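Participant: My structure is below; once you've seen it, I'll send some questions.
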Amino acid sequence: MLDGAKLAMTDIGNGLLTLTIEDTKGDSAQAGKLAVQAITTGSKVVIGPTELSAAQHIATLSGSTRPPVLALADNFAGSAGVYAVRLSEADSAAAGAAGLAAKGRKKFVLLVAEGSNASAVEKRVANGLSIYGATLAVTLAYPAGDGGTKAVDQMGSLVDAPDAVIIASGDASPAPVLAALKSKGIPGKAVSVVGTDRWLERPMDPLFEGAYIATLDPGETGPIADRFRTTYNYPADINVAYAYDMVALTAGIASAVGPDGFSKQTLENPNGFRGSTGLFRFRADGSSQRSMPFYRIEKGALKLVAKSTSGF
């Protein structure tokens, strides 16, 4: 992230921004302390923290003079003025479900791992489906320990003929849930399966075959990838892209609007922003929305079904 930020400063930020780097050393307490210092000492924008508990702490702090925070923590839901930058499982699940709803699927079931993110996933999926006149017939949260077997059994008695089943497995592998569904003949001609980007943190499993997933387009990093490798002698990954985009975004706003342009209205522009992670926008509740490609897993690889949309 440091190298991604430095590259963005070289490309666009120098002369527009003064970027101060603070090392949290991966310690949440230290991250929270440094973030509080940043928002109380005249910063125009805070990029980070990367630690979830520190981002959540910042979200609890009030004050009309607090600068906007572009939080880089994984699985951060966002809060007013504290924007979630990274793609979350809720975003991916909602976009994947919407991809099928756009093709005419109407009735969906959500199988979601129990935990603090479960309600956020359910809310985002339901909202995404409603745009297409589709419905979330039932949400079944399952404990990681039982692999979702009980939830899959319950689904059969609660929902008649769903069009698709969405599996948001969080930190755990989706394989046990997929095995339970496979024993019921799902996926099949009548019922599809929607996964999330979290599946892709694991090696491709044969059980993933046929599932649909919305995730970031790796091709979007192309414009910075070669320069990054040349400069730092290693390939750019998603962390590089997120840091680059947030520095580039702040530099773009500073250039277009000026040093006092980091307003709620500007950051929550409904048209969004395009960066090396694709097209994204921030919502009033601090969550982010991304326009992503829609894929189907075939023979252990992602096959493109639909390209990213050009707008929201």
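The values are calculated or read from the model by the stated rules, or taken from the named source; none is laboratory data. Remember, it's a predicted structure, so these values are computed and weren't measured experimentally. Note that each Cβ is placed from the backbone with ideal geometry, even for glycine, and that neighbours are counted across all protein chains shown. These area figures cover heavy atoms from the full protein model, side chains too; ligands, DNA and RNA do not enter into them. Shrake-Rupley method; radii C 1.70, N 1.55, O 1.52, S 1.80 Å.
Participant: From the protein chains alone at 1.4 Å, what is the descending order of accessible area for Thr135, Thr266, Thr20, Thr196, largest first? Please list the in-between numbers first.
Facilitator: Values: Thr135 80, Thr266 35, Thr20 100, Thr196 0 Å².
Ranked list, largest accessible area first: Thr20, Thr135, Thr266, Thr196.
Participant: Using the beta-carbon distance between Ser119 and Ala161 and R0 = 30 Å, what value does 1/(1 + (r/R0)^6) give for FRET efficiency, to the nearest 0.05? Intermediate results must be reported in sequence, preceding the final value.
Facilitator: Values: r = 26 Å, r/R0 = 0.88.
Efficiency at R0 = 30 Å is approximately 0.70.
Participant: From the C-alpha gyration tensor of region 175-271, pull out the three semi-axes of the equivalent ellipsoid (sqrt of 5λ each), sorted largest to smallest, in whole Å. Mind dumping the intermediate values first?
Facilitator: Values: eigenvalues 308, 81, 19 Å².
Working from the Cα gyration tensor, I get semi-axes of 39, 20, 10 Å.
Participant: With N denoting the number of residues in region 46-199, provide Rg(C-alpha) divided by 2.2 N^0.38 Å, to two decimal places. Kindly include the intermediate steps, with their values, before the conclusion.
Facilitator: Details: Rg = 16.9 Å, N = 154, 2.2 N^0.38 = 14.9 Å.
Cα Rg divided by the expected 2.2 N^0.38 Å: 1.14.
Participant: In addition: Heavy-atom accessible area of Thr230 with all protein chains present, probe 1.4 Å, nearest 10 Å²?
Facilitator: Rounded to the nearest 10, the figure is 110 Å².
Participant: Can I ask one more? Averaging sequence separations of C-alpha pairs under 8 Å and six or more residues apart, then dividing by the length of the chain, give the relative contact order as a whole percent.
Facilitator: Details: 592 pairs, mean separation 62.6, N = 312.
Over the chain, the number comes to 20 percent.
Participant: Can you give the alpha-carbon Rg of the chain over 2.2 N^0.38 Å, where N counts its residues?
Facilitator: Details: Rg = 20.2 Å, N = 312, 2.2 N^0.38 = 19.5 Å.
The reported ratio for this selection is 1.04.
Participant: While we're here: Compute the long axis of helix 118-130 from its Cα atoms, compare it with the longest principal axis of the Cα atoms of the chain, and write down the angle in degrees, 0 to 90, nearest 10.
Facilitator: Long axis of 118-130 versus the principal axis of the chain: about 80 degrees.
Participant: Continuing with this model, one more query. Taking K and R as +1 and D and E as -1, what net charge do the other residues with C-beta under 14 Å from the C-beta of Val159 add up to?
Facilitator: On the way: positive: Arg105, Lys106, Lys107, Lys184; negative: Asp153, Asp160, Asp163.
Overall, the nearby charge balance is +1.
Participant: Can I ask one more? In region 87-182, which trypsin sites (Lys or Arg not before Pro) are in a loop and have at most 15 other Cβ atoms within 10 Å, using DSSP for the loop call?
Facilitator: Values: sites: Lys103, Arg105, Lys106, Lys107, Lys123, Arg124, Lys150, Lys182; in loops: Lys103, Arg105, Lys106.
Filter output for region 87-182: Lys103, Lys106.
Participant: Using every pair of alpha-carbon atoms in region 126-187, split the distances into 10 Å bins beginning at 0 and state the percent of pairs per bin, rounded to integers.
Facilitator: In whole percents, the pair-distance histogram is 20, 52, 26, 2.
Participant: Hey, another quick one. Pull out a ≥ b ≥ c, the square roots of the eigenvalues of the alpha-carbon gyration tensor of region 1-132, then state rounded if a/c is under 1.5, prolate if not and a/b is larger than b/c, and oblate in the remaining case. Working shown, then result.
Facilitator: Numbers: a/c = 2.47, a/b = 1.87, b/c = 1.33.
In terms of gyration-tensor shape, prolate.
Participant: Per residue, how much accessible area does region 99-218 show when a 1.4 Å probe rolls over the protein heavy atoms, in square angstrom?
Facilitator: Normalised by residue count, the accessible surface of region 99-218 is 46 Å².
Participant: Once the convex hull of the alpha carbons of region 112-215 is built, what does its volume come to per residue, in cubic angstrom? Could you put the intermediate results ahead of the total?
Facilitator: Numbers: hull volume 10.5 nm³, N = 104.
With only Cα atoms used, region 112-215 gives 101 Å³ per residue.
Participant: Net charge near Leu34, counting Lys/Arg +1 and Asp/Glu -1 over other residues with Cβ under 9 Å of its Cβ?
Facilitator: Numbers: positive: Lys33; negative: Glu22, Asp23.
After counting each charged neighbour, the total is -1.
Participant: Given only helices, namely DSSP H runs of n ≥ 4 each adding -39500 (n - 2.57), what is the per-residue ellipticity at 222 nm of the chain, to the nearest 500 deg cm²/dmol? All intermediate terms of the calculation are to be shown ahead of the outcome.
Facilitator: Details: 10 runs with 108 residues, N = 312.
For the chain, the value works out to -10500 deg cm²/dmol.
Participant: Now, a different point. Probe radius 1.4 Å, ligands and nucleic acids ignored: give me the carbon and sulfur share of the accessible area of the chain as a rounded percent.
Facilitator: On the way: 7540 of 14590 Å².
Reported share for carbon and sulfur atoms: 52 percent.
Participant: If Lys and Arg each add +1 and Asp and Glu each add -1, what is the summed charge of the other residues whose beta carbon sits under 11 Å from the beta carbon of Gly300? Could the numbers behind the result be given before it?
Facilitator: On the way: positive: Lys299, Lys303; negative: Asp205, Glu209, Glu298.
Every neighbour counted, the sum reads -1.
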